[in-house]
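Contents: one structure, followed by commentary.
Throughout, read-outs are computed from the coordinates displayed, never taken from laboratory work. All figures in this text were calculated on a predicted structure; none of them were measured in a lab. Cβ coordinates were reconstructed from backbone atoms using ideal geometry, including for glycine residues, and neighbour counts include every protein chain displayed.
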Amino acid sequence: MTTRHTISGADKLYAGDVRHPGYEPDARRGVELGHFIFKDYGVIEAVDDDKIIDAATSTELPDTETVTYTPATDGTSPLDNGDGRFSTTTLKGLDGTSTLVYDLVTPRNIVSKMTHSSSVVASTILYSGFDEYMEPMSELHTVTATGTAKTVTGTKAFRYLASAAISSLADSEANTLNVGVGNVIGLPVKITTKNAVLARVDGVDDAATRVVGVTTDPATTTTGDVRGTVDFDTDPTGTSDHGVWIWVEAHDTKENTFGVTQA
């Protein structure tokens, strides 16, 4: 039987009877205790450019209206990736409402790729879903006009995706849209300094790119991840174990520990 106990509700804890000139935090004896956690992501699936939306085109894209896709039509074009799709599941919120979602398994970013034979028609895509703590979140991808290919790489880590709403002020049916997942992985607690994270892959230190949590409160559909993210230098391939050691910088409020309110 596993037992658990909260030793204190204090913002900071100190241990020992030591004193030293110049080091007496808050005029207290002892040494301030650090708080570390290990997040084991395990094996992370490799990037897949069209795992969510596979080559949406023609009337599957908007002509001056909004076209919305949800897991309710999973398995039908363009939600019919032949290489394997994310599983669907139903989340039940605290208010009792149920939402059918794709489970991305690992909290990670969404990537939109729009192509055209001659000139991409400008579009926006609003992704809505939930983070790993099942808090509602959303992110807006803006695809600019001209050129034959445009990629928008999301910065927020979704655990569950509920919908993708594609809008255009002009006829975008000659575009082709692929939506998949990237290598930006969400952190379980908020960081305000990159030094708070040590990334590891198969037991070896990894020179990962770390991004701190946003401070805009509340977050918007165009701000970054509220807790922060890590992009491993050794990209996930579906075979290696990925994880991070994190120094928990604050544990006094929800916002300081888990980030500001999601958009």
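Kindly state, to the nearest 0.05, the FRET efficiency for Glu65 paired with Val204, given R0 = 45 Å and r defined as their beta-carbon distance.
0.35
Can you put His116, His20, His242, His5 in order, fewest other beta carbons within 10 Å first? Result, fewest neighbours first: His5, His20, His116, His242. Ordering Arg210, Arg108 by the number of other Cβ atoms within 10 Å of each residue's own Cβ, fewest first, gives Arg210, Arg108. The phi-based Karplus calculation (6.51 cos²θ - 1.76 cosθ + 1.60; θ = phi - 60°) puts the 3J(HN,Hα) values of the stretch 4-13 at 9, 8, 8, 7, 6, x, 6, 5, 9, 10 Hz, whole numbers, x for Gly and Pro.
Taking every Cα-Cα distance in the stretch 25-76 and sorting them into 5 Å bins from zero, the calculated P(r) comes out as 4, 10, 13, 12, 9, 7, 7, 6, 6, 6, 6, 6, 5, 2 percent.
Modelled spin labels at Ser98 and Asp233, positioned 7 Å past Cα toward Cβ, are 4.7 nm from each other.
Classify the stretch 165-258 from the C-alpha gyration tensor, please: rounded if a/c falls under 1.5, else prolate or oblate depending on whether a/b exceeds b/c. Verdict is oblate for the stretch 165-258.
Calculate the FRET efficiency for Asp80 and Thr216 from the Cβ-Cβ distance with a Förster distance of 41 Å, rounded to the nearest 0.05. Given R0 = 41 Å and the Cβ-Cβ separation, E is 0.65. Per-residue ellipticity at 222 nm from helix content only, as computed over the chain with -39500 (n - 2.57) for each DSSP H run of at least four residues, stands at -500 deg cm²/dmol. Taking 0.36 nm per residue of sequence separation and removing the Cα-Cα distance, the Val248/Asp11 pair yields an extension gain of 84.2 nm. For log10 I(q)/I(0) by the Debye sum over Cα atoms at q = 0.08, 0.10, 0.13 Å⁻¹, which listed value, [x] -0.37, -0.53, -0.81; [y] -0.39, -0.58, -0.89; [z] -0.28, -0.44, -0.77, comes from the coordinates shown? Looking at log10 I(q)/I(0) by the Debye sum over Cα atoms at q = 0.08, 0.10, 0.13 Å⁻¹ for this model, the match is [y].
Listed by chain and number, the lysines placed with their C-alpha closer than 16 angstrom to that of Lys113 are Lys51, Lys150; residues fewer than eight positions away on the same chain are left out.
By definition, a body whose alpha carbon gyration tensor gives a ≥ b ≥ c is prolate when a/c is 1.5 or more and a/b is larger than b/c, and the stretch 1-154 fits this prolate description.
With both labels modelled 7 Å from their Cα along Cα-to-Cβ, the Phe38 to Thr148 distance reads 4.9 nm. With the simple model of a label 7 Å out from the Cα in the direction of the Cβ, Thr261 to Glu135 spans 1.1 nm.
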